[in-house]
Amino acid sequence: MSVHEQFAADLALHALGALEGEERLALEEHLEDCASCRRELEQLRGDTALLALSAAGPAPPSRARQRLLMAVSREPRQAPVAKRRWWTLAPWVAAAALALALVVVWVQKSDLERRMASFERESARQLTELQRAREVVSTLTATDAMRVTLVVAKARPQPQGKAIYVRNRSSLIFLASNFQQLPSKKAYELWLIPASGAPIPAGVFKPDLRGSATVINPPLPAGVEAKAFAITVEPESGSSQPTTPVLMIGTGE
């Protein structure tokens with residue numbers, strides 16, 4: 001039986017003004033959501049009004065009385081549909097709360113993973129810098145380091161370069177001071193002059209506004225014995241062999 005059929009008798013009684021109490025409240029609640037029953041109620045009220053006028057005025061249409069009697073004589077009323085209690089919704093509320101909690105946990109987990117990845121990257125960077133600093137200190141303090149000072153005579157202030165080279169580690173640190181600025185696309189290039197063979201590129205540098213620059217651990221062949229270090233002016237990308245006269249040169253101390 002449909003919901004409309006359950007409320008059929010109530011509609012007729014409500015049209016006559018004879019429905020009271022909880023049954024009336026249940027019907028009015030149903031009417032708020034059911035346009036079909038609202039139309040049926042208005043038709044029944046119209047028929048009732050026509051019947052009320054039948055004793056003093058023109059006879060109402062025969063269909064009005066027939067519609068009202070048919071509505072009242074329908075099968076016995078069914079108990080109104082019980083309202084859904086709050087506890088029947090408890091499983092759905094619990095499921096929604098669980099889903100929300102899972103979303104919160106997932107968001108927090110993703111944020112934690114991002115933080116951990118950032119921390120790991122930063123730790124790796126710091127370890128790399130620490131290792132590089134240790135290598136620089138080791139070269140500067142090595143007792144077997146070859147220390148070479150490169151100078152230009154009769155220049156004031158005198159440009160000076162200091163090369164510290166550890167042969168068995170192929171480690172080189174070069175410190176430049178008082179160097180003049182160069183034209184665009186030009187740079188100074190440091191050369192390792194081996195005991196035998198051609199000069200070996202040992203790094204390109206351009207001084208800052210104070211004339212200072214550094215070259216730290218350029219790539220060098222392993223175990224090369226250095227006789228001297230020299231500097232030339234080359235294209236800023238560097239050269240594989242000197243292309244200009246030697247500007248500065250120094251031998252081991």
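The values are calculated or read from the model by the stated rules, or taken from the named source; none is laboratory data. Fair warning: this is a prediction, and the values are worked out from it, not measured in the lab. Cβ placement follows ideal geometry from the backbone for every residue including glycine, while neighbour counts extend to all protein chains displayed.
Observations, loosely collected:
- Any chance LEU190 is surrounded by 12 or more Cβ atoms within 10 Å (Cβ to Cβ) and assigned by TED's automatic domain parsing to the domain that holds THR244: yes
- Any hit, region 194-217, residues being within 17 Å of LEU140 (Cβ to Cβ), touching a helix residue (DSSP H, G or I) at 6+ places or on another chain (Cβ under 7 Å) and part of a loop (DSSP other than H, G, I, E, B): yes
- Subset of region 196-242 [charged (D, E, K, R) and within 19 Å of ASP144 (Cβ to Cβ)]: GLU225, LYS227
- Search result, residues across region 215-236 that are out of contact with any Lys or Arg (no Cβ under 8 Å at 6 or more places or on another chain) and under 16 Å from LEU182 (Cα atoms): ILE231, THR232
- Residues considered: LEU102, LEU98, LEU112. Of these, the only one that is in a helix (DSSP H, G or I) and at pLDDT 85 or above is LEU112.
- Sole residue being farther than 30 Å from PRO245 by Cα and at pLDDT 85 or above, chosen from SER118, SER138, SER171: SER118
- Residue match in region 220-227 (condition: in a strand (DSSP E or B) and surrounded by fewer than 17 Cβ atoms within 10 Å (Cβ to Cβ)): yes
- Any pair with Cβ under 7 angstrom, 6 or more apart, that starts in region 133-152 at a residue that is under 17 Å from ASN168 (Cβ atoms) and ends at one that is hydroxyl-bearing (Ser, Thr, Tyr) and crowded, with 17+ Cβ neighbours inside 10 Å: GLU135/SER171; THR139/SER171; ALA145/THR139; ALA145/TYR165; MET146/TYR165
- Only residues that are under 21 Å from GLU135 (Cα atoms) and surrounded by 18 or more Cβ atoms within 10 Å (Cβ to Cβ) were counted across region 193-216, and they come to 7.
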